[in-house]
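**Student:** Could you have a look at this structure, given as structure tokens, before my questions?
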Amino acid sequence: MAVERTLSIIKPDATRRNLTGKINAKFEDGGLRIVAQKRVQLSQAQAEQFYGVHRERPFFNDLVSFMISGPVVLQVLEGENAIARNREIMGATNPANAAEGTIRKEFAESIEANSVHGSDAPETAAQEIAFFFAGIELVG
Ligand code: GDP
């Protein structure tokens with residue numbers, strides 16, 4: 001296994017309910033280190049570009065509206081196998097299908113307002129980290 005970095009986003013449904021610390025504890029207890037973190041309000045253009053791969057999906061406009069409905073916490077997580085590990089800690093996209101103990105099982109409100117984003121592959125992780133962070137902001 002290799003040490004990897006992955007992009008994480010704590011979504012507006014979770015920042016609204018003041019869950020940043022509880023979610024961060026899941027990452028840290030799960031063996032990941034938060035090596036960068038900033039709370040921002042995304043613009044519509046940023047959210048549309050970030051989720052551009054979903055542009056043709058029926059839920060795209062709702063997803064963008066949701067992602068700009070309040071602040072998000074952008075993070076880079078580091079650890080062994082961090083991309084897959086983070087997706088385990090997050091749980092399935094739809095909280096109804098998420099395993100016990102996962103962030104989405106415990107905190108998600110719906111398939112859309114599902115509390116966290118995590119990169120799904122090394123290529124997307126690199127792109128997503130570079131979209132939001134400068135190299136100088138990453139301190140491992
Ligand atoms: P993820 O990698 O587990 O976040 O899932 P996807 O890449 O498939 O979807 C991106 C995000 O779009 C999800 O995290 C949800 O916030 C949202 N989403 C996915 N599927 C649906 C859906 O069927 N309806 C709605 N409203 N939102 C969805």
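The values are calculated or read from the model by the stated rules, or taken from the named source; none is laboratory data. All figures in this text were calculated on a predicted structure; none of them were measured in a lab. For neighbour counting, all protein chains shown are included, and Cβ atoms are generated from backbone atoms with ideal geometry for every residue, glycine included. Protein only, heavy atoms only, side chains kept; ligands, DNA and RNA dropped before computing areas. Shrake-Rupley method; radii C 1.70, N 1.55, O 1.52, S 1.80 Å.
**Student:** At 0.36 nm per residue, minus the direct Cα-Cα distance, what do Ala84 and Val3 gain on full extension? Give it in nm, one decimal, please. Present the calculation step by step, with values, prior to reporting the outcome.
**Tutor:** Numbers: separation 81, 0.36 × 81 = 29.16 nm, distance 1.14 nm.
Gain in length upon complete extension: 28.0 nm.
**Student:** Sticking with this structure for a sec: Calculated FRET efficiency, Arg57 and Glu106, Cβ-Cβ r, R0 22 Å, to nearest 0.05?
**Tutor:** Taking R0 as 22 Å, the efficiency between Arg57 and Glu106 is 0.25.
**Student:** What does the charge count near Val64 come to, summing +1 for each Lys or Arg and -1 for each Asp or Glu among other residues with Cβ under 15 Å from its Cβ?
**Tutor:** -2
**Student:** How would you rank 130-136, 41-47, 78-84, highest first, on the average number of other Cβ atoms within 10 Å across their residues?
**Tutor:** Working: 130-136: 12.0, 41-47: 14.0, 78-84: 18.1.
Sorting 130-136, 41-47, 78-84 by mean packing, highest first, produces 78-84, 41-47, 130-136.
**Student:** Moving on. Kindly report the accessible area of the stretch 3-137 per residue (heavy atoms of protein chains, probe 1.4 Å, no ligands, DNA or RNA), in Å².
**Tutor:** Heavy-atom SASA per residue in the stretch 3-137 reads 50 Å².
**Student:** If Lys and Arg each add +1 and Asp and Glu each add -1, what is the summed charge of the other residues whose beta carbon sits under 11 Å from the beta carbon of Ala121?
**Tutor:** Details: positive: Arg87; negative: Glu4, Asp120, Glu123, Glu128.
Spelling it out: positives minus negatives among the neighbours equals -3.
**Student:** With an 8 Å cut-off on Cα pairs and a minimum separation of 6 or more residues, tell me the relative contact order of the stretch 3-137 in percent. Kindly include the intermediate steps, with their values, before the conclusion.
**Tutor:** On the way: 237 pairs, mean separation 50.9, N = 135.
Relative contact order for the stretch 3-137 comes out at 38 percent.
**Student:** Between beta-carbons, use under 14 Å as the cut-off and find the net charge around Thr102, counting Lys and Arg +1, Asp and Glu -1.
**Tutor:** +2
**Student:** Then there is this: Give the shape of the stretch 42-130 as rounded, prolate or oblate, defined through the alpha-carbon gyration tensor: a ≥ b ≥ c are the square roots of its eigenvalues, a/c under 1.5 means rounded, and otherwise the shape is prolate if a/b is larger than b/c and oblate if not.
**Tutor:** Details: a/c = 1.75, a/b = 1.16, b/c = 1.50.
Because a/c hits 1.5 or more and a/b fails to exceed b/c, the stretch 42-130 counts as oblate.
**Student:** Summarise the accessible area of the stretch 43-140 (1.4 Å probe, protein heavy atoms) by the percent that is carbon and sulfur. Intermediate values should be presented prior to the final figure.
**Tutor:** Numbers: 2520 of 4980 Å².
Percent of accessible area from carbon and sulfur atoms in the stretch 43-140: 51.
**Student:** What is the distance in Å between the Cα centroid of the stretch 81-96 and that of the stretch 27-54?
**Tutor:** One Cα centre to the other: 14 Å.
**Student:** Turning to a different aspect of this structure: Given the DSSP H assignment, sum -39500 (n - 2.57) over each helix run of at least 4 residues in the chain and divide by its residue total; what's the result at 222 nm in deg cm²/dmol, nearest 500? Present the calculation step by step, with values, prior to reporting the outcome.
**Tutor:** Working: 7 runs with 55 residues, N = 140.
Here the helix-only value at 222 nm equals -10500 deg cm²/dmol.
**Student:** What is the calculated FRET efficiency for Asn97 to Val40, with r their C-beta to C-beta distance and R₀ = 35 Å, to the nearest 0.05?
**Tutor:** Working: r = 29 Å, r/R0 = 0.84.
Taking R0 as 35 Å, the efficiency between Asn97 and Val40 is 0.75.
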